[in-house]
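One structure is given below, encoded as structure tokens.
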Amino acid sequence: MDEKKKKVILASDHAGFELKEKLKDVLKENEIPFDDLTPRFDKDDDYPDYAFKAANKVVREKARGILICGTGIGMCIAANKVKGVRAAMAYDEKTARLARQHNDSNILCIGSRTTEEDEAKKILKTWLTTRFLEGTHARRVEKIKEFEMG
Ligand code: RB5
């Protein structure tokens with residue numbers, strides 16, 4: 001499937017809500033289809049609820065995901081509990097690029113309290129447009145998949 005057309009599953013908790021709204025602009029500008037699992041702000045919500053819902057959908061629909069919370073860390077920990085998910089934190093364009101090239105990450109996690117809007121947009125664009133390098137990296141990712149299967 002053309003990576004550019006692959007659907008994005010987007011979600012945030014209350015801490016990530018504002019940044020999530022801004023990142024939607026990047027998806028719209030690039031005509032990337034997306035489902036927003038956090039359509040409304042709820043100050044009392046909990047990030048694991050969104051992480052599990054989004055992660056399950058990413059796996060089921062062979063999509064890719066963007067999860068935003070205060071640090072991105074809680075979302076990342078929770079999403080990685082779901083089989084088939086390789087969620088990665090990215091702090092800059094370099095970590096975003098490597099999370100795709102080496103780890104074939106299918107979920108990107110960003111912290112709204114640790115990453116400025118401009119940087120987050122650059123991270124997102126880089127992550128969306130970078131391909132997995134395959135080769136030796138595929139062998140390593142395969143080992144993760146095998147472990148997961150038990
Ligand atoms: C919520 O205050 C905060 O803990 C959450 O958004 C996230 O940063 C957790 O990892």
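Data table
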read-out: Sole exception among (1) away from the ligand (no atom under 16 Å from the Cβ); (2) in contact with a strand residue (DSSP E or B) (Cβ under 7 Å, 6 or more places away or on another chain); (3) open to solvent by less than 30 Å² (accessible area, probe 1.4 Å) for residue 67, by number; value: (1)
read-out: Residue check for residue 150: modelled with pLDDT under 95 and open to solvent by 20 Å² or more (accessible area, probe 1.4 Å); value: yes
read-out: Pick from segment 92-144, criterion in contact with a Gly (Cβ under 8 Å, 6 or more places away or on another chain) and open to solvent by 50 Å² or more (accessible area, probe 1.4 Å), ranking: farthest from residue 21 (Cα to Cα); value: 114
read-out: Those residues of segment 24-51 which are of a type in the set (Phe, Trp, Tyr) and either touching an Asp or Glu at 6+ places or on another chain (Cβ under 6 Å) or crowded, with 16+ Cβ neighbours inside 10 Å (or both), in sequence order; value: 34, 47, 50
read-out: Breaking point among (1) closer than 15 Å to residue 127 by Cα; (2) open to solvent by less than 20 Å² (accessible area, probe 1.4 Å); (3) part of a loop (DSSP other than H, G, I, E, B), for residue 85; value: (1)
read-out: Condition met for residue 60 (in contact with a Ser or Thr (Cβ under 7 Å, 6 or more places away or on another chain) and open to solvent by 40 Å² or more (accessible area, probe 1.4 Å)); value: no
read-out: Set 2, 42: member being modelled with pLDDT under 95 and over 12 Å from residue 64 (Cβ atoms); value: 2
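The values are calculated or read from the model by the stated rules, or taken from the named source; none is laboratory data. All figures in this text were calculated on a predicted structure; none of them were measured in a lab. Note: ideal-geometry Cβ built from the backbone for every residue, glycine included; neighbour counts use all protein chains shown. SASA here: full protein model, heavy atoms, side chains in, ligands and nucleic acids out. Shrake-Rupley method; radii C 1.70, N 1.55, O 1.52, S 1.80 Å.
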